[in-house]
1. Mind giving me the nanometre distance, one decimal, between the label points for B:Ala31 and A:Ser75, set 7 Å out from Cα along Cα→Cβ?
2. Please report, in whole Å, how far the alpha carbons of region A:1-98 spread along each principal axis, starting with the longest.
3. Could you list A:Asp44, A:Asp2 in order of exposure, starting from the residue whose Cβ has the fewest other Cβ atoms within 10 Å?
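Read-outs throughout are calculated quantities, based only on the coordinates presented, and are distinct from any laboratory measurement. These numbers were taken from a predicted model, which means no experiment stands behind them. Glycine gets a Cβ as well: all are built from the backbone with ideal geometry, and neighbour counts include every protein chain shown.
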Amino acid sequence: MDTTDSELVARVLGGESERFHDLVNRHTGPLWSTIRGSVSNVEDAREILQETWMRAFERLDRLREPGRLRSWLLSISLNLVRQRHRRRGVVEAEPNEGLDRFPDEAREGAAERAEQKDEVESMRRRIAGLPPRQRQVLDLRLNHELSHAEIASVLGISAESSRANYYQAVRKLRSADDSPTTEKR
Amino acid sequence: MMNRTGCERVVGRLDRFLDGDLTATEQARDAGHLEVCATCARELEARQKELARVRAALSGRPEEIEIALSLVHAALEERLEERAVPRYRLRIVARRALVPLLTAAAALLVLSLMRWTPFGTDITTITSLELPSWNVSLPTGTSLLGELEEAK
Ligand SMILES: [Zn+2]
C-alpha cells in the first residue's frame, strides 16, 4: 500500500479535503459488508454507511491515532447500527439478524461463475448460522483485519474473548465443512 | 513420517499458528515441522484455503458495494462543495478609478484587458457583482470600487 491511512488523514486535515475520497475507496468494502450484515435492509445499510463517512469527515480532526482509522470507522458504524436497532426496537445481536446479511440473490447475474459462487454462498449461509458474537469477531478479524486487541476495544470485550470467539467460529465452520469440501480438496 | 506428538502439537494449535498468535519460538518451531511433515503441511494448506473462502464470503457483494460507494462519493462531493471557499459579492460603490476610498474593508478590483461580458451590460449600470473567482475582466481602463461581502 503506497500511502498509509495516517498520511491520507494528514493530507485531508492539511486542506486537501478531496483526498477523503481515497479513504472512502479504501475502506468502504469491508465497512459495507459489516453494516450490511447488521441491518435487515439495503436502504438502512446505505444510510448508515453514508452517515458513517459523513461523521468521519466532520470529526476527522478528533481522530487521535490516524493509524487506527479502520477501527474508528467501525466503531462509528456499529454505534449507528445500535442506534437504529434501538429506534426500531430490535434486540441487539438478535440471532436471526445475520440471516438477512445475505438475502436471496435470485435476480440478475445469478448464473455466472456458478460453482465458485455457490461455494461462497454456502459459506455465507454457514457464517450466518454462527452465534452473533462469533460472527462479529470473525468479520472484524478476517474482513477488517483488526488485531484481537483492536476487536476488543471496538466491541467492548476482552482480547481473550475475541480470540476465543474467533477460534470457535473457525472450528465450527470447519466441522460444518468437513464432509464435502475437504474431500474435494 | 514425523513423530506423532510433533504432529499433534502442530495440528492442535494450527489455527493459532495461522492467526499469528503463537510466541515467536512456538511459531518458528511449528514452521520447522511444517516444512518437513507433508501430513501437517497438507492440513495447513486446507485450512488456508478454508480461511480464504471465509474471507470471500465475508466480503460484500461487489454490485452492492459499487452502489453504496457511489452514494458515499456523491454525498461527500456535496459536503466538499459546501465547505469550499466562500463566494464573494462586490457591492459597488464607485465606478471607474476614482479617488481611492477610505474603508479598510473596501476592495479594489482592477482588472485590465478584455471585454466585460457578464450580464451583457454596460458596466455603469451594475450595482452588485458576484465574483465567480478572483479573475474578473473589465474593459481596459475601467475599475470598480466596492465592498466585498460573502455571497450566501
Ligand atoms: Zn506433522
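1. Going by the 7 Å Cα→Cβ label model, 3.3 nm.
2. 42, 24, 21
3. Values: A:Asp44 18, A:Asp2 4.
Going from sparsest to densest Cβ surroundings: A:Asp2, A:Asp44.
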